[in-house]
Amino acid sequence: MESCRTDISSVGKKRILLVGTGGTIASEMGENGLEPELTSRQLLRYVPDISGICEIDCIQLFSLDSTNIRPEHWLCIAGAIQECYEQYDGFVVSHGTDTMAYTAAGLSYLIQNSCKPIVLTGAQKPIGYETTDSKQNLRDAFTVAASDLFGVMLVFNGKIIMGTRARKTHSKSFEAFSSINYPVIGVVQDGRIIRYIRPDGKRATRFYDILDSKVALLKLVPGIDCGVLAYLLEHSSAVIIESFGVGGLPVYETGSFYETIKRGLEAGKIAVLTTQVENEGSDLSVYHVGSSIKKNLPILEAYDMTTEAVIAKMMWILGQTSEREKVAELFYTPIACDILSAF
Ligand code: ASP
């Protein structure tokens with residue numbers, strides 16, 4: 001564990017742990033493109049003014065492009081936070097933007113009811129570039145981590161987003177993340193937090209350390225062969241199907257999705273239906289193609305949850321139980337504001 005206290009002299013300031021994991025924010029140009037090189041300690045040297053906000057220690061867990069981040073890494077981040085949870089008032093995790101929403105969702109299930117802020121941030125441009133969002137995102141993340149907000153959040157381009165509601169919606173702009181089907185918690189403007197909502201009150205913090213990562217995602221395309229679904233059901237514990245519109249499954253003459261799911265469920269697998277439409281979620285009851293499936297098979301429905309959250313939640317649930325009723329009960333239990341719809 002690398003440690004760098006930037007402001008030991010300050011008294012009364014919050015103590016924040018910066019956890020480095022890589023990403024563009026920490027990247028430098030190599031022979032074949034950007035690669036994460038800088039440690040969390042080196043990142044902080046670019047923003048010396050942050051020591052005016054709080055006292056900071058740093059650890060570097062790994063240096064990865066977030067394309068390479070897996071659920072094992074979520075466990076590693078959660079474990080590192082758990083290990084020093086009592087010593088710090090808040091945590092900043094610097095991370096690549098590409099899978100940050102998945103990690104934010106993963107941490108939201110691995111660290112439930114955190115009474116301290118756990119803030120993920122990163123950047124679209126490396127911290128060493130002349131034009132970069134890195135420095136402002138780091139400043140804003142530390143401002144939130146040193147505030148009285150709590151829980152897992154993603155802070156980017158001034159927006160504070162619930163960890164279960166974030167999605168990367170722009171691949172290049174600084175405005176990279178959106179809050180899906182849920183308001184942003186607030187914004188950071190000129191170093192000040194303007195809070196719009198106040199999510200759930202504080203309860204006892206609980207850490208988890210098991211995930212079942214055998215969760216697959218199938219995005220339907222017109223004409224898709226249901227053999228693809230059969231394969232995924234056979235090789236996974238759960239399959240999330242991103243269907244069209246408010247939700248439904250195609251009925252073809254050539255093969256039955258209904259029968260394929262039925263066989264998967266009989267083999268003990270879990271199936272979740274969600275939508276590939278970004279906003280407003282699913283409602284399988286509306287059309288025959290959805291309601292007939294929902295009425296006759298014990299599938300789950302994601303409603304207003306993000307696909308990132310559904311995937312992470314299912315990995316967490318299946319780490320606890322494989323009993324179908326218990327899986328359903330946990331799936332529909334709101335955690336960190338991940339699901340709202342009345343059903
Ligand atoms: N490919 C990078 C990553 O996710 C992109 C970024 O950080 O913005 O690590």
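The values are calculated or read from the model by the stated rules, or taken from the named source; none is laboratory data. Quantities reported herein were computed from a predicted structural model and do not represent experimental measurements. Neighbour counts are summed over all protein chains in view; Cβ atoms, including those assigned to glycine, are modelled from backbone coordinates with ideal geometry. Note: accessible area is taken over every heavy atom of the protein model, side chains too, but ligands, DNA and RNA are not part of it. Shrake-Rupley method; radii C 1.70, N 1.55, O 1.52, S 1.80 Å.
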Hey, can you rank 245-253, 22-30, 205-213 by average C-beta count inside 10 Å, highest first?
22-30, 245-253, 205-213
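Would you mind giving the average projected area, over all directions, of the Cα convex hull of segment 99-169 in nm² with one decimal? Don't jump to the answer; show the numbers that get you there.
Numbers: hull surface 18.5 nm².
Reported value for the Cα convex hull: 4.6 nm².
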Can you order the peptides 45-51, 96-102 by their average number of other Cβ atoms within 10 Å per residue, highest first?
96-102, 45-51
What residues qualify as long-range amide H neighbours of Val272, i.e. H under 5 Å apart, gap of 5 or more or another chain, H built at 1.01 Å from N?
Val239, Ile240, Ile241, Leu300
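On average, how much accessible surface per residue is there in the chain, in Å², for a 1.4 Å probe, leaving out ligands, DNA and RNA? Don't jump to the answer; show the numbers that get you there.
On the way: 15040 Å² over 343 residues.
I get 44 Å² per residue for the chain.
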Residue (of Gln112, Val187, Thr99) at the positive-pole extreme of segment 90-197, dipole from beta-carbon charges
Gln112
With the full set of protein chains in place, find how many percent of the accessible area of segment 214-267 is carbon and sulfur; take the probe as 1.4 Å.
58 percent
Residue-ordered couplings for segment 60-70, obtained by feeding phi - 60° into the Karplus form 6.51 cos²θ - 1.76 cosθ + 1.60 and rounding to whole Hz (Gly and Pro as x), are 10, 7, 6, 10, 10, 5, 5, 4, 8, 7, 10
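How many percent of Cα pairs in segment 279-343 exceed 14 Å?
Within segment 279-343, distances greater than 14 Å cover 59 percent of Cα pairs.
Taking the Cα centre of segment 95-148 as origin and charging only Cβ (+1 Lys, Arg; -1 Asp, Glu), how large is the dipole, in debye to the nearest 20?
Working: 4 positive and 5 negative charges, 20 e Å.
For segment 95-148, the charge dipole is close to 100 debye.
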So what is log10(I(q)/I(0)) for segment 183-235 at q = 0.13, 0.15, 0.26, 0.31 1/Å, when the Debye sum runs over its Cα atoms only?
-0.74, -0.76, -1.05, -1.18
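Less than 15 Å Cβ to Cβ from Leu265, Lys/Arg counted +1 and Asp/Glu -1: what total charge do the surrounding residues give?
Working: positive: Lys262, Arg263, Lys269, Lys294, Lys295, Arg324; negative: Glu234, Glu259, Glu266, Glu301, Glu323, Glu325.
For residues surrounding Leu265, the net value is 0.
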Please list 3J(HN,Hα) in residue order for segment 23-37, calculated via the Karplus relation 6.51 cos²θ - 1.76 cosθ + 1.60 where θ = phi - 60°; whole Hz, with x for glycine and proline.
x, 4, 3, 9, 8, 10, 6, x, 5, 10, x, 5, 9, x, 10
Could you check the spin-label model distance between Cys76 and Lys172? Points 7 Å from the Cα along Cα→Cβ, value in nm.
3.2 nm
What residue among Phe257, Ala26, Ala309 has its Cα farthest toward the positive end of the dipole of the chain, where the charges are +1 on Lys, Arg and -1 on Asp, Glu, each on the Cβ?
Ala309
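Treating only the Cβ atoms of Lys and Arg (+1) and Asp and Glu (-1) as charged, compute the dipole magnitude of the chain about its Cα centre; round to the nearest 20 debye.
Numbers: 32 positive and 40 negative charges, 152 e Å.
Taking the Cα centre of the chain as origin, the dipole is about 720 debye.
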Loop GluC sites (Glu not before Pro), segment 49-143 (other Cβ atoms within 10 Å of the site Cβ: 16 or fewer; DSSP)
Glu130
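Taking only DSSP H segments of four or more residues, each worth -39500 (n - 2.57), what value at 222 nm results for the chain once the sum is divided by all its residues, to the nearest 500 deg cm²/dmol? List each step's numbers first, then the result.
Numbers: 9 runs with 94 residues, N = 343.
Rounded to the nearest 500, it is -8000 deg cm²/dmol.
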Mind checking the full-extension length gain between Gln189 and Val228? Use 0.36 nm per residue of separation minus the Cα-Cα distance, one decimal, nm.
9.3 nm
Once phi for every residue in segment 118-123 is put through the Karplus expression 6.51 cos²θ - 1.76 cosθ + 1.60 (θ = phi - 60°), the whole-Hz ³J(HN,Hα) values, with Gly and Pro written as x, are 10, 10, 9, 8, x, 7
On a straight-distance basis, which lysines could pair with Lys116 in a cross-link, Cα separation under 26 angstrom, same-chain partners fewer than 8 positions away excluded?
Lys13, Lys14, Lys135, Lys159, Lys168, Lys202, Lys313
Equivalent ellipsoid semi-axes, the chain, via Cα gyration tensor eigenvalues times 5, rooted, Å
38, 20, 18
Given H placed on each backbone N at 1.01 Å, which residues far from Glu280 in sequence or on other chains put an amide H within less than 5 Å of it?
Asn181
What does the charge count around Ala78 come to, taking other residues whose C-beta lies under 14 Å from its C-beta (Lys +1, Arg +1, Asp -1, Glu -1)?
0
Loop only by DSSP, 14 or fewer other Cβ within 10 Å of the Cβ. Give me the GluC sites (Glu not before Pro) in segment 262-343 that pass, ordered by residue number.
Glu278, Glu280, Glu323
From the residues Ile224, His235, Tyr208, which one has its Cα farthest along the dipole of segment 168-310 in the positive direction, the dipole being from +1 and -1 charges on Cβ of Lys/Arg and Asp/Glu about the Cα centre?
Tyr208
Descending Cα extents along the principal axes, segment 59-191, whole Å
36, 31, 30
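In a shell of Cβ-Cβ distance under 15 Å around Lys135, excluding Lys135 itself, what net charge do Lys and Arg (+1) and Asp and Glu (-1) give?
Values: positive: Arg45, Lys125, Arg139; negative: Asp49, Glu130, Asp133, Asp140, Asp190.
Surrounding charge for Lys135 is -2.
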